[in-house]
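The values are calculated or read from the model by the stated rules, or taken from the named source; none is laboratory data. Keep in mind that this is a model prediction, so the values were computed, not measured. Here the Cβ positions follow ideal geometry from the backbone for every residue, glycine too, while neighbour counts run over all protein chains shown. SASA here: full protein model, heavy atoms, side chains in, ligands and nucleic acids out. Shrake-Rupley method; radii C 1.70, N 1.55, O 1.52, S 1.80 Å.
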Amino acid sequence: LTFLLADDEAGTLAFGRRTHGEAAITILNLTDTPRTVTVPTEGWIPEGVSLSDALGESSVTSTPDGVTLDLAGYGAAVLLADPGVDLAAPAAPDELSAEASTGQVALGWSAVEDATSYRVWRSVLSGGGFQLVGTVEDTTSFDDASVRNGTRVHYVVTAVDAAGNESERSPEATGLPEVVVAEARLTSDVPIEQQLSAVEPGQPVEATVQAPPYSDLDGATVGVRVELGFGPEAELVSAEDESWTWGPMTYAGEEGGADRWTGSVRPEETGSYRVTARLSTDGGVTWRALGILGIGETVGGRRLVAVAPDDASAPTAPDGLVATSVAETGVSLAWDPVADGDLHRYEILRGRDGAELERIGVATEPAFTDDSVSGGQTYTYAVRAQDTSYNRSDLSAAIEVGAAAREVAVTFTVSVPPNTTAGDSVFIAGDFQGWDPGATPMTRVDDTTWEITIPFAEATPLQYKYTRGSWEAVEKDAGCGEIPNRELTVQHGTEGALAQADEVAKWRDLANCP
């Protein structure tokens, strides 16, 4: 194998080559200044290997940092490992296994011939970022007790022989240590009543989680996540019910040898709901329901009644809804902002083929992009405002939008310098016409103004320049410098027309520009 090992000092290059029984490093000083060069050798030459300079009488020994050598100006060295040095790495360990338990991952692997020790590497990422977590001798197992519960980790193992040669990595193994929760439950079954509000905190709901011995320590038990949710009134609740709305609970201290968690919910419609919690000990990969009687696949929760707020006044309906950009992959909308002081957000509604309008999203600003459209379909959109008491305005006037790029008439108008040759024509060249400098002539408006209107599909990105028929007569900046391609993204606007005004400072051939 051949490596470029170092180029970390200006004017110095080092190349390395290793076979099973030999190693060579060539170092070149390309300057007239003496230099001290350190070439990193970790991973391909073990520590303590002696290398002699074939071009001189010096020798060096590899260290954990590499090999270091002094070179004269324009000097060179060829470092060769002494004959007979063992540079053959052992085979990589095979059959790596990982068994996770609370606060620990136990690893095991198959023995490797000639290996005198093994190095264990860990990363939270699969395929890279591994850090050394331990070295063992005379065994093919390792217990990693420095992992965090609830965090998935990846391991590899390398074998090291008596000469210090290290193998390639073993296949990866993955472990996910989880906390064993002895008991967890909601602390009360008293029904809750609260007014609808987007700003006032809801009634607090508490849960306790006991995971000995971790719950006796200060702070939340590492690896435990608790969420609070609400959904339709029901006797039993599942942690994976898609009709429920979940949000994180907050650690609130210790109580009776257990962690105490608190949270609240905010329904947006009046009515009766069920409230319960859910618990994860694997970083949110899986959840178990947590109710009044403890943990289960399905549990009972607390009843919540959401009542109408004191404020019953609806906000002003939005006006001026338009489609600002339309394509087969998305429709962008905008409307006039609502000036009500207690405005909370806007709801965007969409329908198709005469179907009832349904909410597809919310926005805090008077703009929204619907990226869930299907090309060629026509949609009906409307918007309504919602205040902090969740009162809703009337719908805005609806608009129909076809999910296909609209045509836009783009008018390019360019002013040219007074010294432009009277009989010459001005052309526009760009990526939309193959960058042909003489294929797209513009129309003269007056002595220094030219114009052309070209249709483009909405949202098309354009690049272009102005010429007088050839690249020898292309536009330049005021200092005769080459200008970058002009850029423009086609916007439909309200009329389907776009005006682009430009100015040419100089022509290459008329200003003696290079």
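Out of all the residues in the stretch 366-391, which are over 20 Å from HIS492 (Cα atoms) and touching a Pro at 6+ places or on another chain (Cβ under 8 Å)?
VAL383, ARG384, ALA385, GLN386, ASP387, SER389, TYR390, ASN391
I need a count of the residues in the stretch 137-161 that are under 17 Å from GLY175 (Cβ atoms), surrounded by fewer than 17 Cβ atoms within 10 Å (Cβ to Cβ) and free of Cβ contacts under 8 Å to residues at least 40 places away in the same chain.
3
So, in the stretch 329-376, exactly how many residues are within 23 Å of SER197 (Cβ to Cβ), in a strand (DSSP E or B) and small (Gly, Ala, Ser)?
The number of residues fulfilling the criteria is 2.
Scan (1) exposed (fewer than 15 other Cβ atoms within 10 Å of the Cβ); (2) closer than 25 Å to SER313 by Cα for the single condition SER372 breaks and write down its number.
(2)
For the stretch 251-292, which residues satisfy the criterion of being at pLDDT below 95, in a loop (DSSP other than H, G, I, E, B) and aliphatic (A, V, I, L, M)?
VAL285, ILE292
Do any residues in the stretch 31-58 that are farther than 18 Å from THR158 by Cβ have Cβ atoms under 6 Å from those of residues that are β-branched (Val, Ile, Thr) and open to solvent by 50 Å² or more (accessible area, probe 1.4 Å), where the two are at least six apart or on different chains, and which pairs are they?
THR38/THR68; SER50/THR61
Quick check on this structure: which one of GLY164, GLY202 is open to solvent by less than 20 Å² (accessible area, probe 1.4 Å), of a type outside the set (A, V, I, L, M) and touching a residue at least 12 places away in the same chain (Cβ under 8 Å)? Let's see the steps before the verdict.
Working: GLY164 fails: open to solvent by less than 20 Å² (accessible area, probe 1.4 Å).
Residue meeting the stated conditions: GLY202.
Restricting the search to the stretch 172-188, which residues are of a type in the set (Asp, Glu) and out of contact with any Ser or Thr (no Cβ under 7 Å at 6 or more places or on another chain)? Step through it out loud before you land on a result.
Of all residues in the stretch 172-188, those of a type in the set (Asp, Glu) come to 172, 178, 183.
GLU183 - this is the single residue of the stretch 172-188 that is of a type in the set (Asp, Glu) and out of contact with any Ser or Thr (no Cβ under 7 Å at 6 or more places or on another chain).
Every residue in the stretch 277-324 that is within 25 Å of ASN149 (Cα to Cα) and among the small types (Gly, Ala, Ser), please.
Result: ALA277, SER280, GLY283, GLY284, ALA289, GLY291, GLY294, GLY296.
If a residue has to be surrounded by 20 or more Cβ atoms within 10 Å (Cβ to Cβ) and either of a type in the set (A, V, I, L, M) or outside any strand (DSSP E or B) (or both) to count, how many in the stretch 462-480 make the cut?
Here the count works out to 3.
What are the residues in the stretch 266-292 that are aliphatic (A, V, I, L, M) and open to solvent by less than 10 Å² (accessible area, probe 1.4 Å), if any?
So the first thing to find is which residues in the stretch 266-292 are aliphatic (A, V, I, L, M), and the list is 275, 277, 279, 285, 289-290, 292.
Hits for the stretch 266-292 are VAL275, ALA277, LEU279, ALA289, LEU290.
Restricting to the stretch 426-451, count the residues that are open to solvent by 30 Å² or more (accessible area, probe 1.4 Å), part of a strand (DSSP E or B) and within 16 Å of ALA409 (Cβ to Cβ).
2
Based on what the data block shows, is THR316 modelled with pLDDT of 95 or more and open to solvent by 40 Å² or more (accessible area, probe 1.4 Å)? Give the derivation first.
On the way: modelled with pLDDT of 95 or more: yes; open to solvent by 40 Å² or more (accessible area, probe 1.4 Å): yes.
So THR316 passes the test.
Counting only residues that are open to solvent by 30 Å² or more (accessible area, probe 1.4 Å) and either assigned to a strand (DSSP E or B) or modelled with pLDDT of 95 or more (or both), how many does the stretch 293-307 have?
5
Checking PRO171 against (1) assigned to a loop (DSSP other than H, G, I, E, B); (2) within 30 Å of ARG303 (Cβ to Cβ), which single condition isn't satisfied?
Status for PRO171: all satisfied but (2).
Yes/no per residue for (1) open to solvent by less than 40 Å² (accessible area, probe 1.4 Å); (2) closer than 30 Å to VAL504 by Cβ:
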residue: GLY361; (1), (2): yes, no
residue: THR364; (1), (2): no, no
residue: ARG384; (1), (2): no, no
residue: LEU395; (1), (2): no, no
residue: VAL416; (1), (2): yes, yes
residue: THR420; (1), (2): yes, yes
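Residues that are touching an Asp or Glu at 6+ places or on another chain (Cβ under 9 Å) and either open to solvent by less than 70 Å² (accessible area, probe 1.4 Å) or under 30 Å from THR139 (Cβ atoms) (or both): find the strands (runs of 3 or more DSSP E) completely inside the stretch 42-93 holding 3 or more of those.
Numbers: elements: 50-53, 59-61, 67-71, 76-81.
Here the list reads 50-53, 76-81.
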